[in-house]
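Written out below as structure tokens is the structure these notes cover.
The values are calculated or read from the model by the stated rules, or taken from the named source; none is laboratory data. Since the model is a prediction, treat every value here as computed from it, not as a measurement. So basically every Cβ, Gly included, is an ideal-geometry build from the backbone, and we count neighbours across all protein chains shown. These area figures cover heavy atoms from the full protein model, side chains too; ligands, DNA and RNA do not enter into them. Shrake-Rupley method; radii C 1.70, N 1.55, O 1.52, S 1.80 Å.
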Amino acid sequence: MAISRRARAARRLLVRMSNGSELSDGEFSIDRARERIDQLDRLPRPRHVDYIDTLVGGVPAIVATPTAVPPERHLLYLHGGAYVLGSPKSHIAMVANLAKRASATATVVEYRLAPEHVHPAAIDDCVAAYRALITDVDPATVTIAGDSAGGGATLSTLVALRDAGDPLPAAAYLLSPWTDLTGSGESVVTRAAADPMFDGTKIAEAGRVYAGDVPLDHPGVSPLFADLTGLPPMLIQTGMDEVLLSDSTRLADRARDAGVDVTLDLAEGMWHVYQLFAPVVPEATDALVRAAVFMRARTPATLSV
């Protein structure tokens, strides 16, 4: 199945950006990379949404609330960036797009990043934000979501909440989740030439930055290896041309074996976190539409009486 013209153009752009990045000459500056990814906030934020910078459970966050109709549910979003990059600014446009389609108030949290703060600092922040959120809203209206490292953090947060006896959210939405920081999935090799967004050779190195002294195969670091029993229904959405494809397919298998209701949504010809290109790339927009349908189905609005 052929991908759209706009998707082909986006792929070419990503290849050019990758070839011209600071990684191409073997050098890497976290500060430069953080500045670069936050430039995504230059993209127009969706209209008819209120944006508020705030603290949620002591964690900085941007809360995006659609204004055209009263939001009926809540989205806690954990951004990607290999646990060393990214912020609410880098992801707010995409998340607000999803929030409008799902009729949800979205909270995008700024969890602490490595190497300044290694595991479990990021997960501690995500747990704190969720606990603060559900002091005001019903967990049955909440979806936790995240892309790449944020997808892995979503899974780790759910496991931590379950183990602590907290009420769990109604659903989880994982976009190209990074669940195996050891890089043992076969797609790290078989999709290396196809994915213009993610360099599979850097997976274990990036994982060690985040994990600190904790082994990379520890379930808290690589939630693919965690006990997934009792987790809420999840939508896993992944491109077929990405190095983390095996992180998603193995997760779907392990979650189903644990009795979790799983939907695995694979997009032919798409790369790592292709949803960031909505609304320009139609495949990305369609993916967010499917995610909004999933969220609405799992967190139905309460009928007023």
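Worth pointing out:
- Residue in the stretch 218-229 that is part of a helix (DSSP H, G or I) and not aromatic (Phe, Trp, Tyr) present: yes
- Residues located in the stretch 265-305, provided they are in contact with a Lys or Arg (Cβ under 7 Å, 6 or more places away or on another chain) and of a type outside the set (A, V, I, L, M, F, W, C): ASP265, PRO282, THR299
- Among residues of the stretch 128-139, those that are part of a helix (DSSP H, G or I) and open to solvent by 20 Å² or more (accessible area, probe 1.4 Å), counted: 5
- Near pairs, Cβ below 8 angstrom, 6+ apart or cross-chain, from the stretch 109-121 (within 13 Å of GLY150 (Cα to Cα) and of a type in the set (S, T, N, Q)) to any residue that is in a loop (DSSP other than H, G, I, E, B) and open to solvent by less than 60 Å² (accessible area, probe 1.4 Å): none
- Residue in the stretch 64-78 that is under 21 Å from PRO44 (Cα atoms) and touching a Gly at 6+ places or on another chain (Cβ under 6 Å) present: yes
- Leading residue by the ranking (surrounded by the most Cβ atoms within 10 Å (Cβ to Cβ)) among those in the stretch 167-206 that are in a strand (DSSP E or B) and of a type in the set (A, V, I, L, M): LEU174
- Residue in the stretch 173-181 that is polar (S, T, N, Q) and at positive phi present: yes
- Residues satisfying the stated conditions in the stretch 116-166, i.e. charged (D, E, K, R) and under 20 Å from VAL95 (Cβ atoms): ASP125, ASP136, ASP147
- Note on the stretch 73-126: among residues that are touching a strand residue (DSSP E or B) at 6+ places or on another chain (Cβ under 8 Å) and basic (Lys, Arg), the one that is farthest from LEU244 (Cα to Cα) is ARG73.
- Matching residues in the stretch 244-289 - criterion: being open to solvent by 50 Å² or more (accessible area, probe 1.4 Å) and in contact (Cβ under 8 Å) with a residue 60 or more places away in the chain: ARG250, GLU268, PRO279, VAL280, PRO282, VAL289
- If you filter the stretch 144-166 down to residues that are closer than 20 Å to GLY58 by Cα and outside any helix (DSSP H, G or I), you find that the one that is most open to solvent (accessible area, probe 1.4 Å) is ASP166.
- Looking only at the stretch 201-217, residues that are closer than 16 Å to GLY151 by Cβ and touching a residue at least 40 places away in the same chain (Cβ under 8 Å) come to 3 in all.
- Condition met for ASP125 (under 24 Å from VAL214 (Cα atoms), of a type in the set (D, E, K, R) and open to solvent by less than 50 Å² (accessible area, probe 1.4 Å)): yes
- Of the helices (runs of 4 or more DSSP H) lying entirely inside the stretch 1-115, the ones with 1 or more residues being open to solvent by less than 20 Å² (accessible area, probe 1.4 Å), at pLDDT 95 or above and over 27 Å from THR157 (Cα atoms) are found at 5-19.
- Selection status of VAL209, surrounded by fewer than 15 Cβ atoms within 10 Å (Cβ to Cβ) and assigned to a helix (DSSP H, G or I): no
- Selection of the stretch 217-232 for residues being open to solvent by 30 Å² or more (accessible area, probe 1.4 Å) and closer than 20 Å to THR249 by Cβ yields ASP217, PRO219, PHE225, ASP227, THR229.
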